[in-house]
Each structure stands twice: as C-alpha cells, then as structure tokens.
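Only one structure is covered here, and it is reproduced in the block below.
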Amino acid sequence: MKSNRSTLAATAVGFVRLLAFCLPMMMLLNAASAKDPPTPGASKMPGAKGTIEYKPEGWKGMGVTTYWKDSDGIKPGVAGCHVEVTKGGKSFTGRRVFGEACMDDGLLVESNPGRNVIHPHKDDLGHPDTFDCNAWCIGAQKAKSGLCVKVAGPSPCVESAKCECSR
C-alpha cells in the first residue's frame, strides 16, 4: 500500500510540475498570437499584420509608465533599436534597449511609432507592429520575395532584424 501512495504522490507532483510549465507557456503563446490592428503608421503598408504586446527585459510592472524612442520609425527594410529615455527624452544610466526581431512564424517585429518620437509605454508594455516580410517586399518594394532576417543592430542595440527583399 505504501508504494501505491508514493506512486500516486509522485504522479501528482509530476502533474503539478507539468501544469506549472504548460500554463505559462500557453499564456505566452496566446499573448504572442493575439494581435490588435496595426498602428496608424503601419495600417496602410503592405504586409502589416497588427500589433503584439511586448514585455521588455527588466519589466517594471503594472502602473509604471516608461518612455521610449525608436531609431527608425516604421521601416521594415531598416533594422531599428528601441531605447528607454526619460519623459523629456534624455538618456540615463541603466536604460534598457531592444532591437527589432523575427518571430518564430517569420513575422518581423517592427517597433514604432516614428523616428525619435518619445512615447509612453503604459505598464511598461510596448505594442510593436508585425509584418509579413514577403508581402511587404512584394507590395512596397516590388521585389520577387522577402523574408525576416536577424542582423546587427544600430547602436546601442547589439542585434535587430529587418525585411530583406530578393530582386
């Protein structure tokens, strides 16, 4: 009887561990796939798929508004860098940065709103646009095809991403 109890206990512990892993993963996948419409600056651009919610590394929490500026605005063919600044636009020690990125499904995560526009992130959450690079390259660049590629970022970002078009 004792071995049945220990087997049952081990099974219960395993199930709880599985839930502890699966539930956050399911929430992350839902958040990444749940998109709002594109921002006004991206809405008429070919390949614009909508925005996602982005929680930066070192997230400061609910109720905290942070301020950011983007190096390139909404330009899928240019690698950009999103930089945390003060409300007045000044750099500071300990600021955070993030580059644009390619998602697992091949979409480009394109930060916004405009080049060097200081803007708030309510609850320290960003809402970058996403782009289908193939559609953007064909529609905006009159290329044969396109894909999202990881590249070196503009300073101070180490890496970023952009749409690369094939002629």
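Taking every Cα-Cα distance in region 40-163 and sorting them into 5 Å bins starting at zero, the pair-distance distribution P(r) comes out as 2, 12, 22, 24, 19, 11, 6, 3, 1, 0 percent.
Using the Karplus relation 6.51 cos²θ - 1.76 cosθ + 1.60 with θ = phi - 60°, the per-residue 3J(HN,Hα) values for region 83-95 come to 10, 6, 9, 6, 4, x, x, 8, 6, 8, 5, x, 5 Hz, with x marking Gly and Pro. The mean sequence separation of alpha-carbon pairs under 8 Å and at least six residues apart, normalised by the residue count of region 89-167, gives a relative contact order of 32 percent. Within straight-line reach of residue 90, meaning a Cα separation under 25 Å, sit the following lysines at least 8 residues removed in sequence or on another chain: 55, 60, 69, 75, 122. Computed from phi, the 3J(HN,Hα) profile of region 46-57 under the Karplus parametrisation 6.51, -1.76, 1.60 (θ = phi - 60°) reads x, x, 5, 9, x, 9, 10, 8, 10, 9, x, 4 Hz, with x in place of Gly and Pro.
One decimal place: the segment residue 91-residue 152 gains 19.8 nm when fully extended, by the rule 0.36 nm per residue minus the C-alpha distance. 3J(HN,Hα) along region 142-155: 6, 8, 6, 6, x, 8, 7, 10, 7, 9, 5, x, x, 4 Hz, from the Karplus curve 6.51 cos²θ - 1.76 cosθ + 1.60 with θ = phi - 60°, whole Hz, x for Gly and Pro.
Taking 7 Å steps out from each Cα toward its Cβ at residue 65 and residue 123 produces label points 1.5 nm apart. Taking trypsin sites (Lys or Arg not before Pro) across region 54-96, the ones in a DSSP loop with at most 12 further Cβ atoms lying within 10 angstrom of their Cβ are 87, 90. Summarising the amide proton neighbourhood of residue 49: residues at separation of 5 or more, or on other chains, whose placed amide H is nearer than 5 Å comprise 130, 131, 132.
Values in this text are rule-based calculations from the coordinates and carry no lab data. Fair warning: this is a prediction, and the values are worked out from it, not measured in the lab. Cβ: placed from backbone, ideal geometry, glycine included. Neighbour counts: every protein chain shown.
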